[in-house]
Amino acid sequence: MKYSNPANLAIITCPGGERFADEVILHLKKLYRRNNKQTAAELAKRYDWPTEKVIDRINFINDIVSQGPRIHSEKGKCPVPKLKTPTRFTCFPNGEVKAEIQESVRGKDVYIFQDVENRYPVPFFGCEGKKTLSINDHLMTLFVTIDAAQQAGAQRITLVIPNYPYARQHKAKGREGLTASRIGKMFESLGVCHIITLDIHSRDIMNSFTTMRLENLHASYQIIKELSKIDGILDDDFVVVSPDTGAVDRNKFFASTLKKPLALLYKERDYSKVCKNVSESNISQLRLLGNVRDKTVFMADDLLGTGGTLIKGMELLKKNGARRVICSISLPLFSGDAVSYFDRAYKEGLFYRIIGTNAVYQEEVLEREWYISVSISKLFAQVISRLHNGLSLSSLLDNREIITDLLDGAREPPQHELPFQQGA
């Protein structure tokens, strides 16, 4: 017999990753409720028992095998797991941070959430007001949290970091460090077993790990679902354009899935310069390979920083006769004054819409007419559910089938997840 028991799953949220974690936890709870209802209904039918009796029996078994605190519920109803483990973060006057896990996680499967690009003020214990953290501050907070979970006896530690830190430093030109690889090795040395991330900048990063696994998720289904809502967007006058050679594989996926032609923006950079904004870009040459005249252009990229590269690409596309330009960004950072530059570009008619995910916490850009936010919280919840139960991720990593169903006008197929399932 199978039973549902969430007692050995614990979620810890660093200050920067709390917003995203709360959304994922909401979806995990929905998965748990649905699975309990389905299991109870199937068993009630099989043994000809009242559903309430089956639920009571499941709760009874959970209470017996649970090593953690019991989840009390009304008789005949499935209790909703808490999942989130309270953790206190202290920031000392000299800048040091400390993580104190407030409940036992010994022997548990621990998932630690962090958004290293969250630039909004976050609270700390013992501090007046809130503190705005840099990526390095967020990273150090993540390190001390991992260590706290390890010292507390966690059985397995998985990091949920949609934006992998220092991902753009994945290759060295001259006397540079391979910092993306080094960060991963530091995680590995701390005892991290898995990392769940979104559209990692380079696959070379995951090749540098020895035992740690990296699950690289994609938001293509969510993006195409939102794209298909725009009237007449997928007509014959539609072309996919890769914003650079590094994004060819990503845009080739969209082109082949949408059955549209693929073009390319070829760019050369002057790496002696640092790209600060649109006017101070390090692009030395930019050319278009393909035809975009009188067409709707779609570009997909993994990350948007200052936005200088993307806006220059939009300018070239409009000069070559593109009718309207739509971009999708998996990790919309909008660093520096990027939002104001895109406001100006939108008024000048350089683009129509930008579709971004909620993987990076934003407030300002959500108010813009030109920005569309899509949620990937459910996708992360499904992955956590399957990892926790040792189930395959293949159907979530390769989503061509459900995208095809979507484009053919089919309804989104039910996702039969089995969250928190264990064998009795």
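The values are calculated or read from the model by the stated rules, or taken from the named source; none is laboratory data. Please read these numbers as outputs of a predicted model, since none were measured by experiment. All Cβ positions, even for glycine, are placed from backbone atoms using ideal geometry, and neighbour counts span all protein chains on display.
Strands (runs of 3 or more DSSP E) fully within the range 320-407 that include at least 2 residues being among the basic types (Lys, Arg), over 25 Å from Phe238 (Cβ atoms) and at pLDDT below 90: none found. What are the pairs, 6+ residues apart or on separate chains, where a residue within the range 113-127 that is in the same structural domain as Ala381 (by TED's automatic domain parsing) and of a type in the set (Ser, Thr, Tyr) has its Cβ under 8 Å from a residue that is part of a loop (DSSP other than H, G, I, E, B) and surrounded by fewer than 14 Cβ atoms within 10 Å (Cβ to Cβ)? These pairs meet every condition: Tyr120/Thr132; Tyr120/Glu363.
Checking each residue in the range 95-112 for being charged (D, E, K, R) and either in contact with a Ser or Thr (Cβ under 6 Å, 6 or more places away or on another chain) or in contact (Cβ under 8 Å) with a residue 24 or more places away in the chain (or both) picks out Lys98, Glu100, Glu103, Arg106, Lys108, Asp109. Taking the condition loosely packed, with under 14 Cβ neighbours inside 10 Å and either free of Cβ contacts under 8 Å to residues at least 40 places away in the same chain or outside the structural domain of Ser328 (by TED's automatic domain parsing) (or both), does Gly191 pass? Taking the combined requirement at face value, the residue does not satisfy it. For the range 128-142, residues that are outside any helix (DSSP H, G or I) and either of a type in the set (Val, Ile, Thr) or not assigned by TED's automatic domain parsing to the domain that holds Pro93 (or both) total 1. Checked against (1) within 30 Å of Arg250 (Cβ to Cβ); (2) at pLDDT below 95; (3) part of a loop (DSSP other than H, G, I, E, B); (4) in contact with a Ser or Thr (Cβ under 9 Å, 6 or more places away or on another chain), Val192 meets all criteria but (2).
When the range 213-239 is filtered for residues that are closer than 18 Å to Ser373 by Cα, at pLDDT 85 or above and of a type in the set (A, V, I, L, M), the ones remaining, listed by number, are Leu217, Ala219, Ile223, Ile224, Leu227.
If you filter the range 240-257 down to residues that are modelled with pLDDT of 90 or more and over 22 Å from the mean Cα position of the chain (by Cα), you find that the one that is surrounded by the fewest Cβ atoms within 10 Å (Cβ to Cβ) is Ser256.
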